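A short write-up of the structure that comes next.
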Amino acid sequence: SGGRRKMRRRRRRRPLQKALLAAGSALAALRDPYRHDMVAVLGETTGCLALPNLRDKMKHHPEGYRILQERPRIRLSTLDMDRLRGLPDGTLGREYVRFLEDNKVSPDTRMPAKFVDDEELAYVIQRYREVHDLMHTLLGMPTNMLGEVVVKWFEAVQTGLPMCVLGAAFGPVRLNARKLQVLATELVPWAIRSGRNASCILNVYYEQRWEQSVESLREEIGILPPPAVQV
């Protein structure tokens, strides 16, 4: 029937549209890594292999499975910022709010998934986006270009998402010689070791860990102590 033919044509177009979106967003994101919209599109259109793998890791872990079932969101509307601000220094909640305020960022800037057809996989990439700032907090990295590249190296090893691999590989082209040396000799080796050593970062119910110390959570996940260098 005519309806089935239209549906088949739409299905044939979908991979082509995703390929074009992936290419365009990759170019835009490499030109300007702070284009969160293009980084988001790149993550969705290239994550067809990595996202199912991440979902399976969550399904086979008690805490990860509960996250998949309950689908919590990290947004200003779900966070009690005053309570987190009042927690002791060194706790995850206090240091997360400090990170947001010091770097003038908001969890509400994370775009909803638009190009992932599977509802569960769409949540997985949404969750990855919403815990990104928590990775900065746990890794002790600011949001400048050097800090973003280090986090991307860690996330690339952890998730296998092509957008993280691209960011890790091409982000350093904007750094000066001194920062490149620190990155190559200290920060990247640490980020790779930590990424390999750590358990899956999506298997932590961060919303229930606000009162836990950052140091304790790092040890639990397997993130190695950050090198003593100025980032």
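The values are calculated or read from the model by the stated rules, or taken from the named source; none is laboratory data. Small disclaimer: the values here were computed from a predicted structure and weren't measured. Here the Cβ positions follow ideal geometry from the backbone for every residue, glycine too, while neighbour counts run over all protein chains shown. Note: areas computed on protein heavy atoms with side chains; ligands, DNA, RNA excluded. Shrake-Rupley method; radii C 1.70, N 1.55, O 1.52, S 1.80 Å.
Every condition in (1) at pLDDT below 95; (2) in contact with a helix residue (DSSP H, G or I) (Cβ under 9 Å, 6 or more places away or on another chain) is met by Asn144 except one, and the failing one is (2). Inspection of segment 87-102 identifies no residue that is among the aliphatic types (A, V, I, L, M) and more than 20 Å from Gln212 (Cβ to Cβ). When you check Glu155 against the structure, is it within 26 Å of Pro52 (Cα to Cα) and either of a type in the set (Lys, Arg) or free of Cβ contacts under 8 Å to residues at least 24 places away in the same chain (or both), yes or no? So Glu155 does not fit the description; no. Considered as a group, the residues in segment 160-193 that are more than 16 Å from Val229 (Cα to Cα) and modelled with pLDDT of 95 or more include one that is most open to solvent (accessible area, probe 1.4 Å), and that residue is Arg193. Scanning segment 122-131 for residues that are in contact with an Asp or Glu (Cβ under 9 Å, 6 or more places away or on another chain) and surrounded by fewer than 22 Cβ atoms within 10 Å (Cβ to Cβ) yields a count of 1. Phe154 is checked against (1) in contact with a Gly (Cβ under 8 Å, 6 or more places away or on another chain); (2) more than 19 Å from Tyr128 (Cβ to Cβ) and fails just one. What number does that condition carry? All conditions pass for Phe154, except number (2). The sole residue among Pro142, Pro62, Pro88, Pro52 that is closer than 21 Å to Arg193 by Cβ and surrounded by fewer than 21 Cβ atoms within 10 Å (Cβ to Cβ) is Pro142. Inspect segment 14-34 for any residue being under 16 Å from the mean Cα position of the chain (by Cα), open to solvent by 60 Å² or more (accessible area, probe 1.4 Å) and at pLDDT below 95 and give the result as yes or no. Yes, segment 14-34 contains a residue that is under 16 Å from the mean Cα position of the chain (by Cα), open to solvent by 60 Å² or more (accessible area, probe 1.4 Å) and at pLDDT below 95.
Annotation note: Cβ proximity below 8 Å between a residue of segment 99-120 that is surrounded by 14 or more Cβ atoms within 10 Å (Cβ to Cβ) and a residue that is basic (Lys, Arg) (sequence gap 6+ or interchain) occurs for Pro107/Arg75; Arg110/Arg129; Met111/Arg129; Phe115/Lys18; Glu120/Arg55. Here Leu79 passes the criteria (1) within 25 Å of Leu51 (Cβ to Cβ); (2) in contact with a helix residue (DSSP H, G or I) (Cβ under 9 Å, 6 or more places away or on another chain) except the one numbered (1).
The helices (runs of 4 or more DSSP H) located wholly in segment 59-117 that include 3 or more residues which are under 23 Å from Glu220 (Cα atoms) occupy 62-70, 92-102. Among the residues of segment 163-175, some residue qualifies, meaning at least one is aliphatic (A, V, I, L, M) and touching a Ser or Thr at 6+ places or on another chain (Cβ under 8 Å).
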